[in-house]
1. Quick one: in segment 118-168, which of the residues that are out of contact with any strand residue (DSSP E or B) (no Cβ under 6 Å at 6 or more places or on another chain) and acidic (Asp, Glu) is farthest from Thr228 (Cα to Cα)?
2. Any residue at all in segment 16-37 that is outside any helix (DSSP H, G or I), in the same structural domain as Leu257 (by TED's automatic domain parsing), out of contact with any Cys (no Cβ under 6 Å at 6 or more places or on another chain) and more than 22 Å from Thr273 (Cα to Cα)?
3. Mind checking whether some residue in segment 577-585 is among the small types (Gly, Ala, Ser), surrounded by fewer than 19 Cβ atoms within 10 Å (Cβ to Cβ), assigned by TED's automatic domain parsing to the domain that holds Pro597 and part of a helix (DSSP H, G or I)?
4. Would you point out which residue out of Leu151, Leu135, Leu143 is in the same structural domain as Cys271 (by TED's automatic domain parsing), touching a residue at least 60 places away in the same chain (Cβ under 8 Å) and among the aliphatic types (A, V, I, L, M)?
5. Exactly one condition in (1) more than 24 Å from the chain's Cα centre (by Cα); (2) within 24 Å of Gly407 (Cα to Cα) is not met by Pro509; state its number.
6. Considering only segment 313-323, I want to know if a residue exists there that is modelled with pLDDT of 95 or more and surrounded by 13 or more Cβ atoms within 10 Å (Cβ to Cβ).
7. Looking only at residues in segment 521-552 that are among the polar types (S, T, N, Q) and out of contact with any strand residue (DSSP E or B) (no Cβ under 9 Å at 6 or more places or on another chain), which one is nearest to Ala602 (Cα to Cα)?
8. Do we find a residue being more than 20 Å from the chain's Cα centre (by Cα), at pLDDT 95 or above and polar (S, T, N, Q) anywhere in segment 392-409?
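The values are calculated or read from the model by the stated rules, or taken from the named source; none is laboratory data. Just so we're clear, the structure is a prediction, and the values are computed from it rather than from any experiment. Methodologically, a virtual Cβ is constructed for each residue, glycine included, from the backbone with ideal geometry; neighbour enumeration extends over all protein chains shown.
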Amino acid sequence: MSPSISLIDALAARTVLADGAMGSRLHEKGVAAGACFDALNLTRPELVAEVHAEYLAAGAEVIETNTFGANAFKLAGFALADKAREINLRGAALARAQAGARALVAGSMGPPGRMEQRPDPGALAAAYAAQAAALAEGGADLLLLETFADLETLLTALAAAKGACALPVIAQLVLPAQGGALAAPGAAAALRALAAAGADAAGFNCGAGPHKALELVRGLGPLPVPLTLFPNAGYPERAGDRLLYDSSPEYFAQALLECAGHGARLVGGCCGTGPAHIAALRRLLDAQGDPARAARATGPTFAAAQPQAAPADPGASPALPPSRLGQALGRRKLVLVELDPPRHLDTAPAMQAARALAQAGVDAITVAENPLAAPRLSGVALAGMIHRATGAQTVVHLTGRDRNLVGMQSTLMGLAAQGLTNVLAVTGDPPPQGTDDAVTGVFDLRSFELIALLARFNRGENHAGEPLRLRPNFTIGAAFNPNTRNPALQVQRARRKIDNGAQFLLTQPVYTREAAERCAELTAGLGVPVLLGVMPLVSARNAEFLHNEFPGISIPAAIRERMRRAGDQGAREGTDIAWELLEHAWGLFAGVYLIPPFNRHALALELTARLRAAGLWQPGD
């Protein structure tokens, strides 16, 4: 295809064939999986040019630059952020030199990568504007924003790319692995949003293979812009540090031909696809005829935006009843007590503690999940055991550290099926430094995303938009840390958690009246019940450890000195300190969250007894 021909005009008339994967092809040629593939534009340009030449020989009409990760955010991970412009210029020039006048060059632009915090929108836009400008200057004919899992980020990148140059821009989200026709209404809505924001074509790539791609496009219906589709070769198998795709090029090609028959107009491949896959698709298009040309005789393959049938309302699904805790929050004062699962398989002490707490009438027992990233008995399992044995309400702590998105959704379904619908959603303590050769945090979901996922489950759908057939009615809790040098940031984070679906907050422990009052002031306008964290101290050593080594806890010097003077009466003194705080702060919060160290539940029983004797709290129904 000559660069003088508009790709968008061509897509209106026929199916256009793009290339396959760049990264997995470079990996097959010996580049290490953890290397910066984009930097090869500078260090091994002949290898990149070789891949381009293979795809052109296979029949590709559009080839992508080797710049998928060449944005400032991802390059910073390789200490190459200052080389972003040079890498993009060189990547576009390499592809342009190979394509000449026979093919178009698409400037590949991928997502910013995984980050501790969501990138600042201004910085994100600036990075994509700079990348787009460099690719255009280097000779790209169009820009391809691809493999974005988040629509908001993709819209930011799209606006930046459109503003930086006059090239056509294609915007692609990750192909949902759980897609299918059931997810099509949401997929179509996302594509219409991209079209409304200025995308010249839109679609999906990566994430899943041709079978799921075909399932998805069958349900999309007419779209306002041409549909693009670049699935993976299939599902990979790991062999050492390599991912192997045992996919038949002929199978891939046949499925993509069917996708073209359902409206896909720019087709190509992503991870695991190579020149053989593109050549097989080229042969089918030439031998069996272009489905787009046949479709033109019966009607348009894409059209102006039209009203679409609304997806099935998840609210129509029956809902599980709200938990007793959920019904009581904000209506009366509550007492929650935390238990840590054991580091072994002897559950008798934990169950004995749970029975005692349930008999005392505490409103819920919260069950932590691997505090400080140390392995313990499953908190989900222990919560189920407690609930079945005592009937007590439990609050299950869930961390984004320990499960990927698939595992988390499975866990949530399991919790709902057991009636364990009170959840505290937290990111989780990171694994200790020096253990990352054996232990890694997953962090597919941090607290914000986990809360949003729980809220989505409450609407009756999973992450992919597929119906759950029941709405679990999770009562969603979140953490609040008042022991910080930047309280405004913590309030901002709390508001974001609440916007995402959090229904109550549990605070980190405080140790003084002043800290409790400050916490109450910070959270007063948040609009959800807040329970004050109180952790009784048991010794001077315990106080020093918590103050100096435990994240999110700060114990004033006066309190630590008081514990030092108590000597071997530390547990009694720590209980008195906690009671003085409880008595003062009781009227400022929706309840308290008692965290007895080392599972010394007797401390919590003593404090609940004092609350009851003072007439401040009575067990609920």
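1. My answer is Asp120.
2. Scanning segment 16-37, I find no residue that is outside any helix (DSSP H, G or I), in the same structural domain as Leu257 (by TED's automatic domain parsing), out of contact with any Cys (no Cβ under 6 Å at 6 or more places or on another chain) and more than 22 Å from Thr273 (Cα to Cα), so the answer is no.
3. Our first condition is that a residue be among the small types (Gly, Ala, Ser); within segment 577-585, this holds for 578, 585.
In the following step, the residues that additionally are surrounded by fewer than 19 Cβ atoms within 10 Å (Cβ to Cβ) were identified as none.
Among the residues of segment 577-585, not one is among the small types (Gly, Ala, Ser), surrounded by fewer than 19 Cβ atoms within 10 Å (Cβ to Cβ), assigned by TED's automatic domain parsing to the domain that holds Pro597 and part of a helix (DSSP H, G or I), which makes the answer no.
4. On the way: Leu151 fails: touching a residue at least 60 places away in the same chain (Cβ under 8 Å); Leu143 fails: touching a residue at least 60 places away in the same chain (Cβ under 8 Å).
Of Leu151, Leu135, Leu143, the one residue that is in the same structural domain as Cys271 (by TED's automatic domain parsing), touching a residue at least 60 places away in the same chain (Cβ under 8 Å) and among the aliphatic types (A, V, I, L, M) is Leu135.
5. (2)
6. In the first step, residues of segment 313-323 are kept if they are modelled with pLDDT of 95 or more; the result is 323.
Now drop any that are not surrounded by 13 or more Cβ atoms within 10 Å (Cβ to Cβ), which leaves 323.
Yes, there is a match, as at least one residue in segment 313-323 is modelled with pLDDT of 95 or more and surrounded by 13 or more Cβ atoms within 10 Å (Cβ to Cβ).
7. Ser539
8. Yes; the residues of segment 392-409 include at least one that is more than 20 Å from the chain's Cα centre (by Cα), at pLDDT 95 or above and polar (S, T, N, Q).
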